[in-house]
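**Q** The structure's right below; bear with me while I get my questions together.
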Amino acid sequence: MCAYKNDDTSKSLGKYKKKQVSLSNAIKKYINPGDRIFIDSGCAEPINLTRKLIELGPDLPDIEILHFLSLSDLDYYETAGGIEDLFRHNAFFIGKSLRKYIRAGQADYTPMLLSEIPWLFKLGKMHLDTALIQVSPPDRFGFCSYGINVDIVKPIAEEAEYVIAEINPNMPRTLGDSFIHMDDIDAYVPADHDVIEFSYGEPDENSKKIARFVSSLIEDESTIQMGIGEIPNAVTQELVEKKDLGVHSEVFSDGIVDLVEEGVVTCKKKSIHKDKIICSFVMGSRKLYNFVDDNPMVEFHPCDYTNDPYIISQNKKQVAINAALSVDLTGQVNSDSLGHQFYSGIGGQVDFVRGAGRAKEGKPIMVLPSTATLKDGTIVSRIVPYLQPGSGVVITRGDIHYVTTEWGIAYLYGKSIRERVLEMINIAHPDFREELLEHAKKWNYVYSDQKLPVSIDGRISIYPEKYETSLTLKNGKTLKIRPVKPTDERMMQELHYSLDEKDRYLRFFSPVQDFRHKKIQPMVNIDYSTDMILVGIYNEGGEEQIVAIGAFFKTTKPSLAELAFVVHKDWRGLGITRFLLNYLVKIGRELNYKTFGGSILLENRPMLHIIDTSGYKLNLKKIEGGVTEFAFNIAK
């Protein structure tokens, strides 16, 4: 329950009774034809005041109505008798009730960073006549809380000529920089309606897969932000095993409540605002509203504070999770329009991408499904060669870090165009990868002979995510073990160039001098249904290095695969090769191989020792011309 009941409300408003007006007078007295007014945001929309404004609309022509994310079901145009030019709406973020009118040219959209909207009014660049807001009843000192929406509402109300409030005991009394005194409210109307509730619904399977990938990037003690969208909010369901997470976000929903109750979100390790969830507004169910009501753990602040990239960047391990509509091969992100049709808005994406990007160990992450289904049933790729004409670049190539689809994670920051293209193709839907590659070749973004992993039947060979694992070594360091990807070409070259002449001779039976693209490309574009190359990756300070390779390749005999290993000289003697061998055996069995074999120079004693002590039954061991040929049974 909220902090106030009806009898308490009447008592708290007693000394301010002279400010109470009827709904009609609230509109007629404080709004005139041609005025610019603001209506409270999101789930805090003052429903009674808005309905009365619509009803009296024919007497108040040429009003400009400012919004940030309208979520109510009220239809301003149809309710007002369908008069097209009666109201002119101006949205800073496009909600569902205004989307069709903006498309029809009957309403406006102003693209702005959420952190900067308050400065339009603070600096006098946009005059505001009246603000219609919804607040909680005043406390004994006369302070009302803006409740679940502080965002741009508080700074805008502070600059408006008149402030008209619905005072509703069902509005939570939220804490932080979230109060307005009754002296600063020119008139109020009592209200007792439910606060608007909002639900993203149950995430689909693709959203769940994306959420799992995102969760893999979030470390314990991270501070998280979730933008508006089904996928960012689905991530909360995948964080139950994390420890001591914090929250600094312009908005959050019910999932954070669950994480607090489960002891996952504690905010104890935050760099600033320790022990506090920091937000600007919330959207969710009554459960969420009860949670934030009078809760000292949650602080609401205006968005020029919560979304200030400098403030955000003070949080160590700040993670920003935001949804995109499409991303091109070079990393340009469109989040606000479908071609020339505006769909949503910039919101806080840029603020948090830049803030998290500057934070120590921060991670800005963009999320999107790899495909979309058009009205006619056509399936199109959201990873595109170029953004559709009219699409807005919300996040630039220079700001992008991570992009995640249900097919994996692309890391683009500091990468060349060629590397970005390969990363993005790798997370696109397989049905569109060849087409994307052809565009990249046409524009000379990649090598003219660039290939993708292809299976025996000619289809794209799908990366087997299930084989990803980790290995903790005797020296305490941890390697990520995973199948090779086309994007590993440069790291594979670096590993091979790190080998001295003797190492190269032992591996290739000759002192190979170069590892050019034509030689390395077949090692990173493999048919995962017949071959396997596992790479051991060490990540130090965000920079990845392949330090080991274990592989098997098909031979002319269907049941026999040939083994190969390479380990960087600084990483030998730590058990990496033995682990890779055993893991390759497991995978080989799944691919129906019965035997592993190969050739080892007699002077390669460490490798001979591993084979001799592997524990697998040797079917063949033949020494000829200084080379040992071997084969062993891997069948259980």
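Please treat every number below as a calculation from the coordinates, not as lab data. The structure displayed is predicted, hence computed values, not measured ones. No Cβ is skipped: glycine too gets one built from the backbone with ideal geometry, and neighbour counts run over all protein chains shown.
**Q** Ratio of Rg to Rh for the stretch 352-393, alpha carbon only, Kirkwood?
**A** On the way: Rg = 14.9 Å, Rh = 13.0 Å.
Computed over Cα atoms, the ratio is 1.15.
**Q** Just from the alpha-carbon atoms, what are the Rg and Dmax of the stretch 151-216 in angstroms?
**A** Gyration radius and largest Cα-Cα distance of the stretch 151-216: 18.7, 51 Å.
**Q** Using every alpha carbon pair in the stretch 196-244, what percent of pairs falls into each 5 Å bin from 0 up to the bin containing the largest distance?
**A** 5, 21, 31, 23, 13, 7, 2
**Q** Additional query: With +1 on each Lys and Arg Cβ and -1 on each Asp and Glu Cβ, how big is the dipole of the chain about its Cα centre, in debye rounded to the nearest 20? Intermediate results must be reported in sequence, preceding the final value.
**A** Values: 76 positive and 87 negative charges, 563 e Å.
The dipole of the chain has a size of about 2700 debye.
**Q** Let me ask you something else. Could you give the length gained on full extension between S559 and Y310, defined as 0.36 nm per residue of separation minus the Cα-Cα distance, in nm? Before the final figure, lay out the partial values.
**A** Values: separation 249, 0.36 × 249 = 89.64 nm, distance 5.93 nm.
Extra length available between S559 and Y310 comes to 83.7 nm.
**Q** Considering only the chain, what is the antiparallel percent among its DSSP beta bridges, to the nearest 5? Don't skip to the end; give the middle numbers.
**A** Working: 54 of 108 bridges.
Around 50 percent of the beta bridges assigned by DSSP in the chain are antiparallel ones.
**Q** Taking the Cβ-Cβ separation of K29 and D139 as r and a Förster radius of 22 Å, what is the calculated FRET efficiency to the nearest 0.05?
**A** Working: r = 27 Å, r/R0 = 1.22.
Calculated transfer efficiency: 0.25.
**Q** Between E501 and D449, what is the FRET efficiency for a Förster distance of 45 Å, r being their Cβ-Cβ separation, to the nearest 0.05? Write down the numbers at each step before the final one.
**A** Values: r = 29 Å, r/R0 = 0.64.
Using R0 = 45 Å, I get an efficiency of 0.95.
**Q** Another question about this same structure. In square nanometres, what is the average projected area of the Cα convex hull of the stretch 469-633?
**A** Here the figure is 9.7 nm², rounded to one decimal.
**Q** Give me the Kirkwood hydrodynamic radius of the stretch 205-442, using the inverse of the mean 1/r over all pairs of distinct Cα atoms, in Å to one decimal.
**A** Working: mean 1/r = 0.0555 Å⁻¹.
About 18.0 Å, per the Kirkwood formula over Cα pairs.
**Q** Normalised by the empirical 2.2 N^0.38 Å for globular proteins, what value does the Cα Rg of the stretch 406-445 take? Could the numbers behind the result be given before it?
**A** Working: Rg = 10.0 Å, N = 40, 2.2 N^0.38 = 8.9 Å.
Relative to the rule-of-thumb radius for its length, the stretch 406-445 sits at 1.12.
**Q** Give K451/K477; K480/K569; K208/K466; K268/K466; K243/K485 a once-over and call out the pairs whose C-alpha atoms are over 25 Å from each other. Provide the component values of the computation, followed by the final result.
**A** On the way: K451/K477 34 Å; K480/K569 18 Å; K208/K466 16 Å; K268/K466 34 Å; K243/K485 31 Å.
Among K451/K477; K480/K569; K208/K466; K268/K466; K243/K485, the Cα-Cα distance tops 25 Å for K451/K477; K268/K466; K243/K485.
**Q** If you compute Cα extents along the principal axes in Å for the structure shown, which of (1) 107, 84, 45; (2) 72, 61, 46; (3) 105, 48, 40 do you land on?
**A** Answer label, from the structure shown: (3).
**Q** Once you have the alpha carbon radius of gyration of the stretch 332-433, what is it after dividing by 2.2 N^0.38 Å, with N set to its residue count? Walk me through the numbers before you get to the answer.
**A** Numbers: Rg = 13.8 Å, N = 102, 2.2 N^0.38 = 12.8 Å.
Cα-based Rg divided by the globular estimate yields 1.08.
**Q** Starting at the first residue of the stretch 624-635, write each ³J(HN,Hα) from the Karplus equation 6.51 cos²θ - 1.76 cosθ + 1.60 with θ = phi - 60°, in whole Hz, x for Gly and Pro.
**A** 3J(HN,Hα) across the stretch 624-635, in whole Hz: 7, x, x, 10, 9, 9, 9, 7, 9, 7, 10, 5.
**Q** Also: Cut-off is 10 Å between beta-carbons; in what order do T371, T174 appear when sorted fewest neighbours first? Show your work: numbers first, answer last.
**A** Details: T371 17, T174 26.
In order of increasing Cβ crowding within 10 Å: T371, T174.
**Q** Can you give the direction-averaged projected area of the convex hull of the alpha-carbon atoms in the stretch 180-290, in nm²?
**A** Numbers: hull surface 34.6 nm².
It is 8.6 nm².
**Q** Among T373, T628, T478, which comes first, then next, by fewest other beta-carbon atoms within 10 Å? Provide the component values of the computation, followed by the final result.
**A** Numbers: T373 10, T628 19, T478 13.
Lowest count first: T373, T478, T628.
**Q** Stokes-Einstein D for the stretch 6-190 at 10 °C, 1.306 mPa s, Kirkwood Rh over Cα pairs, in µm²/s?
**A** Values: Rh = 16.5 Å.
Stokes-Einstein gives a translational diffusion coefficient of 96 µm²/s.
**Q** Just rank S280, S12, S416, S222, fewest to most, by other beta-carbon atoms within 10 angstrom.
**A** Least crowded to most crowded, the residues run S416, S12, S222, S280.
**Q** Here's something else I'd like to know. Provide the FRET efficiency to the nearest 0.05 for the E629-L338 pair, computing r from the beta carbons and using R0 = 51 Å.
**A** After rounding, the FRET efficiency stands at 0.25.
**Q** Next question, about the same structure. How much length is gained on full extension from K243 to E434, taking 0.36 nm per residue of separation minus their Cα-Cα distance?
**A** Details: separation 191, 0.36 × 191 = 68.76 nm, distance 4.10 nm.
Gain in length upon complete extension: 64.7 nm.
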